[in-house]
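Report on one structure; see the data block that follows.
The values are calculated or read from the model by the stated rules, or taken from the named source; none is laboratory data. Since the model is a prediction, treat every value here as computed from it, not as a measurement. Reconstructed Cβ throughout: ideal geometry from the backbone, glycine too, with neighbour counts over all protein chains shown.
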Amino acid sequence: MCRKLKRYRAGGFAALSRRPRSDRGKSRTAAPGPLSYAVELKHKQPMRAHMCINRFIQERFGTTIAKSTLYRHLRHAGATRLKLGVDACPVRNLWTCVHIHDSWVGDFADGPYVLVNSETVQTHLSRFTDCHRRYVARYAIICSRTWTS
């Protein structure tokens, strides 16, 4: 008999759902000693980067912590620059213009090959966008070789 069928017969649909991990929220790769020391170091000097914190941990414990693990643990412990009050808020700027024709953005790229008089010719694409209106105003396909018809 199938394992899932046995679980269904024993406990219904609730028995089919996955159980939460017993070690959820705890680091499986780093010991709690170096992680608590990293939080302490970040509280003392909030501008310390992961490389500097890992140097202190290497001297004291003889091991290092991966950058992603370290920052995840610092975030859960409330030891980020934002939460410690060093940075006011994350900076997110929208690049835009107030009036029409204030700023234009152009882009050029290699286009597809086309057949002209049974010869393949490389094309180039160009595009210009008005930053205020946000729609494409000019679009052109330019052949790299001139020909006569």
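Assorted remarks:
- Residues of region 82-138 classified as hydroxyl-bearing (Ser, Thr, Tyr), part of a strand (DSSP E or B) and modelled with pLDDT under 80, total: 1
- Restricting attention to region 52-71, the residues that are under 13 Å from Ser27 (Cα atoms), surrounded by 14 or more Cβ atoms within 10 Å (Cβ to Cβ) and either over 18 Å from the mean Cα position of the chain (by Cα) or without any contact (Cβ under 8 Å) to a residue 12 or more places away in the chain (or both) add up to 1.
- Scanning region 1-27 for residues that are closer than 22 Å to Tyr71 by Cα and modelled with pLDDT of 85 or more returns no hits.
- Residues being of a type in the set (S, T, N, Q) and without any contact (Cβ under 8 Å) to a residue 12 or more places away in the chain - total across region 29-51: 2
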